[in-house]
Amino acid sequence: QAVAQGRYESPGGKSVVREMQRLDASLEQMAQTIQRREQQLRAIVETTPTLAIQWFDRGGRVLDWNPASEIMLGWTRAQALGQTLDQLIYSSEQQQLFLEVLDGIEKTGKPFGPYEGTVHNRQGEERHILSTTFSIPDINQGLQFVCMDIDITDMKQKEQEVRANEQKFNVFFNASPVAVGVLEKRGNTYVHTDVNQAWEQLIGYTHTQALDSHLPQSDFLVDSLLGTELLTQVESEQIVTRVETWARRASGEQFLAEGSLGRVCVARRELVIYSLH
């Protein structure tokens, strides 16, 4: 009974009956093994720097709160124990949704998540959290609920910055009076992934038609060999500027064009951006 309740110290009072002595020794060994496992688990939970872990009862009250939760959410373990999340980091609406999640987990036995949400820490700062919540049995044959959180605020900010930069690029890209195209290397050839409005007006093909064509075999370069040579050159030199070539509009009309090419790698994609006028 003592071991089941988490008291692992030996009760003392050795029996003279050999079977009882062996039983006592086995129980003591079992208690030490369970204690070591608990210590290992506690060490992992207490020292993980980025994984915030909280334990809750059925009513959503905090039963435990690891150090990473203190850092992420701003409330100490002592301050959090016995509190509900609407007293700490949630709005009343979020608290109600959280209780519904716990109820669903209890009914189905299935974990909930990972799911993204926003909370406000003790300092009032908004944090973006990626969470998973699940149930575990407690020592009284009931249930506790565990919530594991990862702070993804920095990642979200970087995503927003990337989207903002993409929007800026798209504005300049489409507003540019110079024809600009974007090519991606796929195997041994390059495929258009984007062209701007000036390109459509200059060459006479639509955006959709451009995305279906490959530059070395494209109809808008009179000398397709030159296109292949330029792509080979830009792969080694990164930038090729002020190249003159004869180009052809969709109507068949030829014109002398001057262009520049630049090679970049974005998210493991090998791209060539070129301008033409």
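Observations, loosely collected:
- Within region 231-259, the set of residues being open to solvent by 40 Å² or more (accessible area, probe 1.4 Å), of a type in the set (S, T, Y) and closer than 25 Å to Q201 by Cα comprises T241, S251.
- All positions within region 135-162 that are open to solvent by less than 90 Å² (accessible area, probe 1.4 Å) and part of a loop (DSSP other than H, G, I, E, B): D138, G142, I152
- Qualifying residue in region 53-62 (condition: of a type in the set (A, V, I, L, M, F, W, C), modelled with pLDDT of 85 or more and open to solvent by 100 Å² or more (accessible area, probe 1.4 Å)): no
- Residues that are farther than 19 Å from E70 by Cβ, in contact with a Pro (Cβ under 8 Å, 6 or more places away or on another chain) and not small (G, A, S) occur in region 104-117; there is at least one.
- Subset of region 244-269 [over 18 Å from V195 (Cβ atoms) and in a strand (DSSP E or B)]: E244, W246, Q254, L256, C265
- Only one entry of N165, N170, N174, N196 meets the criterion of being under 30 Å from V266 (Cα atoms), touching a helix residue (DSSP H, G or I) at 6+ places or on another chain (Cβ under 7 Å), open to solvent by 50 Å² or more (accessible area, probe 1.4 Å) and polar (S, T, N, Q), and that entry is N174.
- Members of region 87-98 found to be over 24 Å from the mean Cα position of the chain (by Cα) and either farther than 26 Å from N140 by Cβ or open to solvent by 70 Å² or more (accessible area, probe 1.4 Å) (or both), listed by number: Q87, S91, S92, E93, Q96
- Any hit, region 33-45, residues being open to solvent by less than 90 Å² (accessible area, probe 1.4 Å), touching a residue at least 24 places away in the same chain (Cβ under 8 Å) and of a type in the set (A, V, I, L, M, F, W, C): yes
- Matching residues, region 99-134, being more than 14 Å from A52 (Cα to Cα), outside any loop (DSSP other than H, G, I, E, B) and polar (S, T, N, Q): T108, T118
- Evaluation of E106 against the conditions (1) open to solvent by less than 90 Å² (accessible area, probe 1.4 Å); (2) under 19 Å from E46 (Cα atoms) shows that the sole unmet condition is (2).
- Applying the condition of being among the aliphatic types (A, V, I, L, M) and in contact with a Ser or Thr (Cβ under 9 Å, 6 or more places away or on another chain) to region 72-86 and asking which residue is least open to solvent (accessible area, probe 1.4 Å) yields A80.
- Among the residues of region 180-197, some residue qualifies, meaning at least one is outside any strand (DSSP E or B), at pLDDT 90 or above and either more than 32 Å from the chain's Cα centre (by Cα) or not basic (K, R) (or both).
- Failed condition for A68, given (1) of a type in the set (A, V, I, L, M); (2) open to solvent by 90 Å² or more (accessible area, probe 1.4 Å); (3) in a helix (DSSP H, G or I): (2)
- Hey, G117 surrounded by 13 or more Cβ atoms within 10 Å (Cβ to Cβ) and at pLDDT below 95 or not: yes
- Within the set I136, I150, I203, the sole residue that is touching a residue at least 12 places away in the same chain (Cβ under 8 Å), among the β-branched types (V, I, T) and over 27 Å from L261 (Cβ atoms) turns out to be I150.
The values are calculated or read from the model by the stated rules, or taken from the named source; none is laboratory data. For clarity, every value in this text was computed on a predicted model and none was experimentally measured. Here the Cβ is made from the backbone with ideal geometry for all residues, glycine too, and neighbour counts use every protein chain on show. Quick note on the areas: whole protein, heavy atoms, side chains included, nothing else; ligands and nucleic acids left out. Shrake-Rupley method; radii C 1.70, N 1.55, O 1.52, S 1.80 Å.
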